[in-house]
Structures are given as structure tokens and as C-alpha cells.
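The values are calculated or read from the model by the stated rules, or taken from the named source; none is laboratory data. Here the structure is a predicted model, which is why all the values come from computation and not from measurement. As a convention, Cβ positions derive from the backbone with ideal geometry for all residues, glycine included, and neighbour counts pool all protein chains shown. When the accessible area is computed, the model is the full protein with side chains, heavy atoms only, and any ligands, DNA or RNA have been set aside. Shrake-Rupley method; radii C 1.70, N 1.55, O 1.52, S 1.80 Å.
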Protein chains: 2
Amino acid sequence: MRRRELIDAAIRTIGQRGSLDVTVAQIAHEAGVSPALAHHYFGGKEQLMLATMRHLLHELGRDLSAALRQASSPRQRISAIIAVNFSASQFAPQTVAAWLTFYVHAQQSAETRRLLRVYARRLHSNLTEALARITDKVQAGLIAEGAGALIDGLYIRHALGADAPEATSASALVEDYITVKLAASGAST
Amino acid sequence: MRRRELIDAAIRTIGQRGSLDVTVAQIAHEAGVSPALAHHYFGGKEQLMLATMRHLLHELGRDLSAALRQASSPRQRISAIIAVNFSASQFAPQTVAAWLTFYVHAQQSAETRRLLRVYARRLHSNLTEALARITDKVQAGLIAEGAGALIDGLYIRHALGADAPEATSASALVEDYITVKLAASGAST
DNA sequence: TAGGTTTGATTGACTGATCAATCAATAAAA
DNA sequence: TTTTATTGATTGATCAGTCAATCAAACCTA
């Protein structure tokens, strides 16, 4: 459908320019249609952006459940969650740039804020759930919070480019955090 | 001088609106002068923004060296660095919002990127220096990297509002990270 | 010190560019 | 024939940046 084509074009455009300061005209041109058509289908720029965000969120969710299906032990589930967040598709510069701009946009758009919270909560609950099988619930919550913040921080630094950690060392850093914290709080591996 | 008044007005305006989508006219109005004057003094919006950023960076640096002067042991220096980053002035919603927008702006402005790297490197080297007196250099570098990312992540989550950690629990989380990592890698207190 | 000159501060009005959004018109499909 | 897709042209708003004109302060000089 045309909606889908426009969303794909929006992601491509945001990625190419590394910015949310993207005009409807640019997106429409990238999709090979007229700007007016974008309005026809989405009603406005804001809704196009939200649809784009939902799409990225959906992809992340899909990757995540695929990875979780492969994991058997709780510890493997944790590693799977981390691996997905630093996988090539999620950690690609354009994707990271898009997320970053969504964070800023959230300052003004309640719906954007809500969607970002959905993502944050999902990450947190997935991590907590797996951690709670290895250590106690309070620790699980704290570790999940730390790991979540760590991931966000590594993303933002990645977006800044140079002397930022690569995907491999970034994910190793999060793995290490969890390993050390688990060891320090009586885990059962 | 007028330059200073305009910078202050810029910070106030960015803070109030929680966004870098701030017009020169808004800033000038906040400062009680005409928009043309802002151009007269700064030559353009970009330079006004950069001056504002330098000002915030300078404040952070000032707070930091004041805090470091109070600290005697390396461990205290580390705590001081963390405390400054989560102090009321630095962790205020408007300040955090401003930093966030600078990160986004860095995608398009080389000078903004450079300034942000200056900040990141300063934080990293301060932490590494203090850590290197407690543990070995390799570990010090890794811990500093983790702590830096953690701080950035907590900032971004704070900017998102609700269910984000408060300043106290955020700084406790970073402290805990460092304590645990030091314990796990043979530290001398 | 009075008069004249330069220099910087400050403004209002204006320009040009950029965009989101609208709409009437047309083409295609159902 | 009715509905849906699609567009070109246009509108209206928003801004950054410019400019010529005013105003004031500081600085000369005789």
C-alpha cells in the first residue's frame, strides 16, 4: 500500500539526512509521489512521523521476539535482548539518528513521549523478567534499570560518532555490567 | 555586556520551551531587545547557539573544579564528578532538554559535535585519572567508559520524564556501578 | 569647552526562502 | 455513476538574515 511506501521513504530520508528536520516534500520525492499525497494518506506531517516511529518500534519488537525464541536459559534471554539492541539493523547510524530525533520530538509531542515510554517499559520488563529468575526481584529491577540506561547512553554516544564504542564493545560493556552485578548479588548463573 | 544577556535569555528560552526549535525573535524578546540586535552581536543563530553551549559547558567545568577541590582521595574525586553531573543545576529539566537538543544539532553542525566531544573527553579523562589510582589503567578506562555512558543514558531518560530515576537514585546507580566494578577488579578501596 | 566627527548600539521595516497544508481539477477504478 | 487516487498550483505562516536610518557615547581639535 501507499502508506507503507511512504513510511519506508520517511525512514530512508531521515537516515540519509540524519535529522528529523525532514520535509514532507523530501519524503514524497523519495517515494516518487507528490507531497500532497502524503497529506492525503496521513493527514499531516506529525502523523506520518508517528507512523514511522511505530514502524521502527514494531521492527525492534519483531527482532526481539525472534531472538528470544532462540534462547533457552534466562541468562541467554538477557544476552539475546542486548544483542538485538546492538544488532546491525538497530545500531545503524541512520536508525540511531532517528531514535535520537524522536527523543527530542518527545519534548513537544505527547504521543511521541508515550511511544518512547512503551519502548522503555518493554525493554525494562523483558530484562527484569529474565533477571528475576537468576537473582531476587529488587536486584533484578535495579540491574534492568542500569542496563537500560547504559544502552541508551551507548546509543547516544554512538550517534555522536568518533571515539564512540563499536557495536561489539558496546554490547560487551553491557554484558559485563550484568555479569558483574549478578556475581555481586548472589546469582545462580 | 549585551552578549551575556542574550546568552542568558537563550538558555531561559530553551528551558521554557524544552526545545532547540527556538527562534531568534523569541530569544531577543526574552532579553527585551530587537531580533536584529542578536544578529548584530552574534552574526547568526548558529553562533548564538554555539555561544550558549559554550556557556553551559563552562558552567559545568566551573562546578566540577569546585567540587574536585573539595575532594582529597581518588574515591572522593570520583564521587564528586558524579555528584556534579546530577546536581540540581545540571540535572534541571531545562538544562537536560538543552543538552539533548545539542546532541541532535551535532548531527549537522561540526562545531557542535566538537564541543560535545570536548565534554565527553573531559568527563572520561577526569574519571580515568582518578580510577587509575585505585585500579589498573585498562580497568580504569573501561569503567570510565561505562560510567560516562550510564550518565548520558540517565540524562536522556530524565528528559523523557515519568518513571525516570530521580537525581538521587540516578547518582546512586552510577556510584554503585563504580563500587561494584572496583570490587570485582581488585581495588585498594 | 563648544563644535564637529567618528564609532558603535539599536531598531523597524523589509526580503527571500522554506514549508505544511489546502483545494480544485483530473484520472482511474469500482 | 460514485468513489478513490493523484496532482499542480497556491496560500499563509514562519523565520533568518539584511539594511538604511536613528541615537548616543566617546573622541577629537582648535
Looking only at region B:27-63, count every residue that is of a type in the set (Val, Ile, Thr) and more than 8 Å from DNA strand C (Cβ to nearest atom) and tell me the total. 2
Does A:LEU57 satisfy the criteria of being in contact (Cβ under 8 Å) with a residue 12 or more places away in the chain, more than 14 Å from chain B (Cβ to nearest Cβ) and within 20 Å of A:VAL118 (Cβ to Cβ)? yes
Name the residue that is farthest from the other protein chains (Cβ to nearest Cβ), counting only residues in region A:120-156 that are over 13 Å from A:ILE78 (Cβ atoms) and among the basic types (Lys, Arg). A:LYS137
Looking at this structure, is A:VAL84 within 12 Å of DNA strand C (Cβ to nearest atom) and of a type in the set (A, V, I, L, M)? no
Only one residue in B:GLN47, B:GLN107 is away from DNA strand D (no atom under 16 Å from the Cβ), over 11 Å from the mean Cα position of the chain (by Cα) and not hydroxyl-bearing (Ser, Thr, Tyr), so which one is that? B:GLN107
Within region B:129-150, residues farther than 15 Å from B:ALA80 by Cβ and of a type outside the set (D, E, K, R) come out as B:ALA132, B:THR135, B:VAL138, B:GLN139, B:ALA140, B:GLY141, B:LEU142, B:ILE143, B:GLY146, B:GLY148, B:ALA149, B:LEU150
Exactly one condition in (1) within 14 Å of another protein chain (Cβ to nearest Cβ); (2) of a type in the set (D, E, K, R); (3) open to solvent by less than 60 Å² (accessible area, probe 1.4 Å) is false for A:ASP63; which is it? (1)
For region A:30-42, pairs from a residue that is more than 8 Å from DNA strand D (Cβ to nearest atom) and small (Gly, Ala, Ser) to a residue that is in a helix (DSSP H, G or I) and open to solvent by 60 Å² or more (accessible area, probe 1.4 Å), with Cβ under 9 Å and 6 or more apart or across chains, are A:ALA31/A:ARG2; A:ALA31/A:GLU5; A:ALA31/A:ARG12; A:ALA38/A:LYS45
Does any residue of region B:59-78 turn out to be under 26 Å from A:SER109 (Cα atoms), of a type in the set (A, V, I, L, M) and in a helix (DSSP H, G or I)? no
Sort out which residues of region A:90-108 are open to solvent by 30 Å² or more (accessible area, probe 1.4 Å) and closer than 16 Å to A:LEU154 by Cβ, and write them in order of number. A:PRO93
Residue list for region A:161-189, filter: under 23 Å from the mean Cα position of the chain (by Cα), crowded, with 21+ Cβ neighbours inside 10 Å and more than 15 Å from A:VAL84 (Cβ to Cβ): A:LEU173, A:TYR177
Within region A:11-26, the count of residues that are more than 8 Å from DNA strand C (Cβ to nearest atom) and either of a type in the set (D, E, K, R) or at pLDDT 95 or above (or both) comes to 2
Can you spot a residue in region A:107-123 that is among the hydroxyl-bearing types (Ser, Thr, Tyr) and free of Cβ contacts under 8 Å to residues at least 60 places away in the same chain? no
Hits in region A:50-80 (condition: among the hydrophobic types (A, V, I, L, M, F, W, C) and more than 11 Å from the chain's Cα centre (by Cα)): A:LEU50, A:ALA51, A:ALA66, A:ALA67, A:LEU68, A:ALA71, A:ILE78, A:ALA80
When both residues are 6+ apart or on different chains and their Cβ atoms are under 7 Å apart, which pairs have a first residue that lies in region A:74-92 and is under 13 Å from A:GLU175 (Cα atoms), and a second that is open to solvent by less than 50 Å² (accessible area, probe 1.4 Å) and in a loop (DSSP other than H, G, I, E, B)? A:ARG75/A:ILE134; A:ARG77/A:ALA71; A:ALA80/A:ALA71; A:VAL84/A:GLN90
Identify the residue in region A:1-51 that is in a helix (DSSP H, G or I) and of a type in the set (Val, Ile, Thr) and, among all such residues, is most open to solvent (accessible area, probe 1.4 Å). A:ILE11
Just to be sure, is B:GLN76 in contact with a helix residue (DSSP H, G or I) (Cβ under 9 Å, 6 or more places away or on another chain), open to solvent by 20 Å² or more (accessible area, probe 1.4 Å), more than 14 Å from chain A (Cβ to nearest Cβ) and of a type in the set (S, T, N, Q)? yes
Failed item in (1) within 12 Å of the chain's Cα centre (by Cα); (2) farther than 28 Å from A:LEU116 by Cα, with B:ASN126 passing the rest: (1)
